[in-house]
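> Structure provided below as structure tokens; questions to follow.
The values are calculated or read from the model by the stated rules, or taken from the named source; none is laboratory data. Predicted model, so just to flag it, every value in this text is computed and none were measured. Cβ atoms come from the backbone with ideal geometry, glycine included; neighbour counts cover every protein chain shown.
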């Protein structure tokens, strides 16, 4: 069964390398798979456990993303990621 | 945008001498300064910024690649460097793999006549796509000359 959650990129700098690192670090501590794509788009889906793939999303502030997790710890991972996105990855304005 | 043009040959390194992550950051900073692309008095700021960035989170993004990238006061445009260390360096990368290829990006703190911060994510996306390409990584490790190495960026630019 696949669990899904939509999140929004709220930090000013968007999904640059450090937020991608934070997402992957959290995802790697869960057994489930994680796929991420811009909400409403069917094609550009990437592996949420790869920083390089996440960076190719070029997700700017305000972008809505759909997270899909499948397997052990899926719901826990999605909840953790939702908090991470909502916190703006703990970044001050203008960080990168 | 032709992002490969940001990587000037004189700022790149074909065979790094560094034996550790710290030495590698120093070596890249020194190369960027010696290239003449940035003022010599920014050398220490660049070196320090690169080290400080690693304490926030490793720039090792997996697949034997690291992308150290920092903002530095006093720059007017982004300066980039591609460096290769075939032996691999421990980098605390997200996948635990040693780093062999470094894309370093040094950029101004804010907008300037030659630099638009809005381009940053797009350039990082271009770098990420190149870095993911198995062929690019293999050819970069096999490059015999610096023009060959830097030429790969242009050759595979539309990947």
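> Quick one: in region B:46-63, which of the residues that are closer than 25 Å to residue A:54 by Cβ and under 13 Å from the mean Cα position of the chain (by Cα) is farthest from the other protein chains (Cβ to nearest Cβ)? Write out each step before concluding.
Step one: list which residues in region B:46-63 are closer than 25 Å to residue A:54 by Cβ, which gives B:49-63.
Checking the rest, the ones that are also under 13 Å from the mean Cα position of the chain (by Cα) come to B:50, B:59-61.
Details: B:50: 13, B:59: 7, B:60: 9, B:61: 4 Å.
Here the residue is B:50.
> Could you list, ordered by first residue, the pairs with Cβ atoms under 6 Å in which the first is in region B:105-120 and surrounded by fewer than 13 Cβ atoms within 10 Å (Cβ to Cβ) and the second is part of a helix (DSSP H, G or I), at least 6 apart or interchain?
Taking only residues 6 or more apart or on different chains, the pairs are B:111/B:117.
> Given the criterion more than 14 Å from every other protein chain (Cβ to nearest Cβ), over 12 Å from the mean Cα position of the chain (by Cα) and in a helix (DSSP H, G or I), identify the matching residue among A:83, A:75, A:41.
Numbers: A:83 fails: over 12 Å from the mean Cα position of the chain (by Cα); A:41 fails: in a helix (DSSP H, G or I).
That would be A:75, the only listed residue that is more than 14 Å from every other protein chain (Cβ to nearest Cβ), over 12 Å from the mean Cα position of the chain (by Cα) and in a helix (DSSP H, G or I).
> All but one of (1) in a helix (DSSP H, G or I); (2) under 10 Å from the mean Cα position of the chain (by Cα) hold for residue A:66, so report the exception by its number.
Result: residue A:66 fails condition (1) only.
> Within region B:28-39, does at least one residue satisfy the condition of being surrounded by fewer than 18 Cβ atoms within 10 Å (Cβ to Cβ), part of a helix (DSSP H, G or I) and more than 12 Å from chain A (Cβ to nearest Cβ)?
yes
> Among what's in region B:127-136 and is more than 9 Å from chain A (Cβ to nearest Cβ) and crowded, with 19+ Cβ neighbours inside 10 Å, pick the residue that is nearest to the chain's Cα centre (by Cα).
B:130
> Taking the stated definitions as given, is residue B:16 surrounded by 18 or more Cβ atoms within 10 Å (Cβ to Cβ) and on the phi > 0 side of the Ramachandran plot?
no
> Look through region B:65-96, keep the residues that are within 12 Å of chain A (Cβ to nearest Cβ), closer than 18 Å to residue A:52 by Cβ and surrounded by fewer than 21 Cβ atoms within 10 Å (Cβ to Cβ), and return whichever of them is nearest to the chain's Cα centre (by Cα).
Applying the filter and picking the extreme gives B:92.
> Then there's this: Report yes if residue B:97 is under 24 Å from residue A:56 (Cβ atoms) and at pLDDT 95 or above, otherwise no.
Yes.
> With the structure loaded, tell me whether residue B:24 is under 22 Å from residue B:147 (Cα atoms) and within 14 Å of chain A (Cβ to nearest Cβ) or whether it fails that test. Spell out the reasoning first.
Numbers: under 22 Å from residue B:147 (Cα atoms): yes; within 14 Å of chain A (Cβ to nearest Cβ): no.
No; evaluated as a whole, the condition is false for this residue.
> Ok, one more. Does region A:20-33 contain any residue that is in contact with a strand residue (DSSP E or B) (Cβ under 9 Å, 6 or more places away or on another chain), assigned to a strand (DSSP E or B) and over 20 Å from residue A:60 (Cβ atoms)?
Yes.
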